[in-house]
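> Below are the structure tokens for one structure; questions will follow.
The values are calculated or read from the model by the stated rules, or taken from the named source; none is laboratory data. If you're wondering where the values come from, they're calculated on a predicted model, not measured in any experiment. Cβ placement follows ideal geometry from the backbone for every residue including glycine, while neighbour counts extend to all protein chains displayed. For accessibility, only protein heavy atoms count, side chains too; no ligands or nucleic acids. Shrake-Rupley method; radii C 1.70, N 1.55, O 1.52, S 1.80 Å.
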Amino acid sequence: MRWSQAHVPTLREDPAEAEAVSHRLLVRAGYVRQLTAGHYSLLPLAVRVRAKIIDVVRSEMDAVGGQEMLLPALHPAEPWRRSGRWELMGQEMFRLRDRRGAELALGMTHEEIFATVARELGSYRSLPQRWYQFQTKFRDEPRPKGGLMRTREFTMKDAYSFDIDRAGLDASFAAFHGAYTRIFERLGLPVLAVEASSGTVGGSDSVEFMCPAEAGEDRVAHSPACGYAANIERATSKLPEVTDAPGPPAPEPFDTPGVRTIDDLATGHGAPADRQIKTLVYVLDERPALVLLRGDHPLNEQKLVDATGATAVRAAAAEEIRGWLGALPGSLGAVGVTDLPVIADEALRGRRDMFTGANRDDVHLRGVDVERDIRVGAWADLREVAEGEPCPRCGEPLRILRAIEVGRIVKLGDRYARALGAEVPDADGRQVPLVMGSYGIGVERAMAAIVEIHHDDRGVVWPLAVAPYQVVIVVAQTDDEATARAGEALYRDLLAAGVETIIDDRPERAGVKFRDAELTGIPCRVTVGRRGLAEGAADVTRRSTGESEKVALDEVVGHIRRLLG
Ligand code: ATP
Ligand code: MG
């Protein structure tokens, strides 16, 4: 490619709206342009990187027996209704009608649609089947952000496994786990495989591949000592055992004028936060419920979703709460409450002599015995772990890292196959539903994550495996005929040797070309200039280290091939 012909609209300044490094650099280096929030045009360099990522992913999918398919992006409502996700997906699903009034959706994932294809699997003997595709997904994300990191339209490599039983699924899951480990290694993405909540897709084991980075939207609890890693939505910690004195035979009310917070009660009334019961009011699928935690423990809402199976979860408004409990937040409690379900965090089990609100403004209770005085309908792990708490496995302090979820694998079980009628006869001739797994990687999010990891203050520093070009030839003086000729000769030789090369033949100052070469992140730069030519040499510079070497013109191709490995 000739830079003079290429559409690489690099910018001198950082785009104002971009926060994440990858967003800023991909815009500035001429890779992407925003059409509207959450929708990006990929320009030629980005398309090349995307293709490289896809090649890596495809080769590892094929290596575990994957068969590539391509299913529609536009779906009829029916399969989604069958699985129950037509409703569940709510506002995240883009919906439309055709000219006959039939309801359709833009595919946000493909479990249902792949299950329709699996209906034709005739026998357990053809299993396992492992199918994948690269297909555009559409999701009406509430907050598209971070450039390519969270968009409303993106390419996913989604894969699905079909097995006859759980043991088969376990083997498929392990195979994909291994493939993902190799994919992210080849893409230059350091990842932690973390335990995760399975979210709207359902299922049992769910592992997310998390790339630690400040720009990430997820948080991961990690113990460097033993390797424990879990999404904050799932993570637990080992709390020190507490033994309480029994306390009084019944809760005792006391006046707490003006007390509104855990802190107020702690400082004004000698009730340490870890001796308080925090009472939150939530609306779970339109029904109110009390959620109890220790005073110093924050709620993780996803844990509440997972524990209750509710699909719509929101904190109740103060006025609703007054209607249900007769008091405002600040004086709430569950003692004596029988008409609302109560869900309590495990850390409250067995606690006695505790403090909580009395459901009367400005009154609290002391001496509360959780199991004696509160009708707890369900116990669950609801609290969010904090930095420094002991790891549940090894007891060493947990670290909380920000991370980008670049991929996810889930054991689905037979839920989708049952709903969609994807069954095969087993060895005894009985029809059994297929046991499925689901495996996703966001291609453009991976691209953004690579930039988050591989950049410096001059621009992107692509790992070789995904770079848009391997080599850029900078012709320092295009108006000097001998220099231009030498550049062209190198260009021909590198192309002939199969090296992906772009030649910067623009009539620009060398400084501009160097800047663009660095900004765009091409791994090797060959500079052909008048001064070097006088000695029959060119400069070969590596983007990652900045090291330059003078190399004789007729050795450049061999030298580059060695660098590229
Ligand atoms: P998130 O929690 O970030 O919303 P998700 O759990 O919805 O992700 P999955 O449904 O498991 O994601 O999708 C598989 C992969 O697709 C993710 O691991 C991620 O790499 C990518 N992905 C998901 N949503 C987006 C998005 N809005 N933009 C870009 N990539 C995405
Ligand atoms: Mg999502």
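> Name the single residue that is nearest to R12 (Cα to Cα) among those in segment 28-41 being open to solvent by 10 Å² or more (accessible area, probe 1.4 Å) and not in a loop (DSSP other than H, G, I, E, B).
Here is the first cut: in segment 28-41, the residues open to solvent by 10 Å² or more (accessible area, probe 1.4 Å) are 28, 33-37, 39-41.
Now restrict to residues that are not in a loop (DSSP other than H, G, I, E, B): 28, 33-36, 39-41.
Numbers: R28: 7, R33: 15, Q34: 18, L35: 20, T36: 22, H39: 23, Y40: 20, S41: 20 Å.
Here the residue is R28.
> Oh, and also: Which pairs do you get when a residue that is without any contact (Cβ under 8 Å) to a residue 12 or more places away in the chain, found in segment 545-559, comes within reach of a residue that is assigned to a helix (DSSP H, G or I) and not acidic (D, E), reach meaning Cβ atoms under 8 angstrom, with the pair 6+ apart or on two chains?
E549/H559
> Which residue is nearest to ligand 2 (Cβ to nearest atom), if the candidates are limited to segment 119-165 and must be of a type in the set (K, R) and open to solvent by less than 10 Å² (accessible area, probe 1.4 Å)? Before you say what the answer is, go through the steps one by one.
Of the residues in segment 119-165, the ones of a type in the set (K, R) are 119, 125, 130, 137, 139, 143, 145, 150, 152, 157.
Right, trim to open to solvent by less than 10 Å² (accessible area, probe 1.4 Å) and you get 137, 157.
Details: K137: 10, K157: 16 Å.
Step by step, filter segment 119-165, then rank; the result is K137.
> Can I ask one more? In contact (Cβ under 8 Å) with a residue 60 or more places away in the chain, outside any loop (DSSP other than H, G, I, E, B) and open to solvent by 40 Å² or more (accessible area, probe 1.4 Å): is that true of R366 in this structure? First the steps, then the outcome.
Numbers: in contact (Cβ under 8 Å) with a residue 60 or more places away in the chain: yes; outside any loop (DSSP other than H, G, I, E, B): yes; open to solvent by 40 Å² or more (accessible area, probe 1.4 Å): yes.
Judged against the criteria, R366 is a match.
> Restricting the search to segment 422-436, which residues are outside any strand (DSSP E or B) and surrounded by 14 or more Cβ atoms within 10 Å (Cβ to Cβ)? Don't jump to the end; show me each part of the working.
The initial filter retains those residues of segment 422-436 that are outside any strand (DSSP E or B), namely 422, 426-430, 434.
Those that are outside any strand (DSSP E or B) and surrounded by 14 or more Cβ atoms within 10 Å (Cβ to Cβ): A422, D426, L434.
> Can you find a residue that is in the same structural domain as E405 (by TED's automatic domain parsing), over 24 Å from E346 (Cβ atoms), buried (at least 16 other Cβ atoms within 10 Å of the Cβ) and more than 15 Å from ligand 1 (Cβ to nearest atom) anywhere in segment 188-201?
Start the filter on segment 188-201 by keeping residues that are in the same structural domain as E405 (by TED's automatic domain parsing), which leaves 188-201.
Among the residues that remain, those that are also over 24 Å from E346 (Cβ atoms) are: 188-193, 200-201.
In the following step, the residues that additionally are buried (at least 16 other Cβ atoms within 10 Å of the Cβ) were identified as 188-189, 191-193, 201.
With the extra rule that they be more than 15 Å from ligand 1 (Cβ to nearest atom), the set shrinks to 188.
Yes, the conditions are met somewhere in segment 188-201.
> Which of (1) at pLDDT below 95; (2) within 16 Å of ligand 2 (Cβ to nearest atom) is the odd one out, the single condition G38 does not satisfy?
Only one criterion is unmet by G38, namely (1).
> Any idea which of V460, V472, V435, V370 is among the β-branched types (V, I, T) and under 30 Å from P246 (Cα atoms)? Step through it out loud before you land on a result.
Numbers: V460 fails: under 30 Å from P246 (Cα atoms); V472 fails: under 30 Å from P246 (Cα atoms); V435 fails: under 30 Å from P246 (Cα atoms).
Within the list V460, V472, V435, V370, the selection yields V370.
> Still on this structure: Only one of T267, T236 is free of Cβ contacts under 8 Å to residues at least 24 places away in the same chain and more than 16 Å from ligand 2 (Cβ to nearest atom); which? Before the answer, list the steps.
Values: T236 fails: free of Cβ contacts under 8 Å to residues at least 24 places away in the same chain.
Sole residue among the options that is free of Cβ contacts under 8 Å to residues at least 24 places away in the same chain and more than 16 Å from ligand 2 (Cβ to nearest atom): T267.
> Is it fair to say A380 is open to solvent by 30 Å² or more (accessible area, probe 1.4 Å), more than 30 Å from G188 (Cβ to Cβ) and among the aliphatic types (A, V, I, L, M)? Working first, answer last.
Details: open to solvent by 30 Å² or more (accessible area, probe 1.4 Å): no; more than 30 Å from G188 (Cβ to Cβ): yes; among the aliphatic types (A, V, I, L, M): yes.
It is false that A380 is open to solvent by 30 Å² or more (accessible area, probe 1.4 Å), more than 30 Å from G188 (Cβ to Cβ) and among the aliphatic types (A, V, I, L, M).
> Moving on to the next point. Could you list, in sequence order, all residues of segment 41-77 that are acidic (D, E), within 24 Å of F162 (Cβ to Cβ) and without any contact (Cβ under 8 Å) to a residue 40 or more places away in the chain? Spell out the reasoning first.
We begin by selecting, within segment 41-77, every residue acidic (D, E); these are 55, 60, 62, 68.
Checking the rest, the ones that are also within 24 Å of F162 (Cβ to Cβ) come to 60, 62, 68.
Selection gives D62 alone.
> Within segment 95-118, take every residue that is away from ligand 2 (no atom under 16 Å from the Cβ) and among the acidic types (D, E) and give me the one that is surrounded by the fewest Cβ atoms within 10 Å (Cβ to Cβ).
First, pick out the residues of segment 95-118 that are away from ligand 2 (no atom under 16 Å from the Cβ): 95-104, 112-118.
Checking which are among the acidic types (D, E) leaves us with 98, 103, 112.
Working: D98: 10, E103: 15, E112: 22.
Of everything passing the filter in segment 95-118, D98 is surrounded by the fewest Cβ atoms within 10 Å (Cβ to Cβ).
> Looking only at segment 5-26, decide whether some residue is in contact with a Leu (Cβ under 8 Å, 6 or more places away or on another chain) and open to solvent by 70 Å² or more (accessible area, probe 1.4 Å).
Yes: one or more hits.
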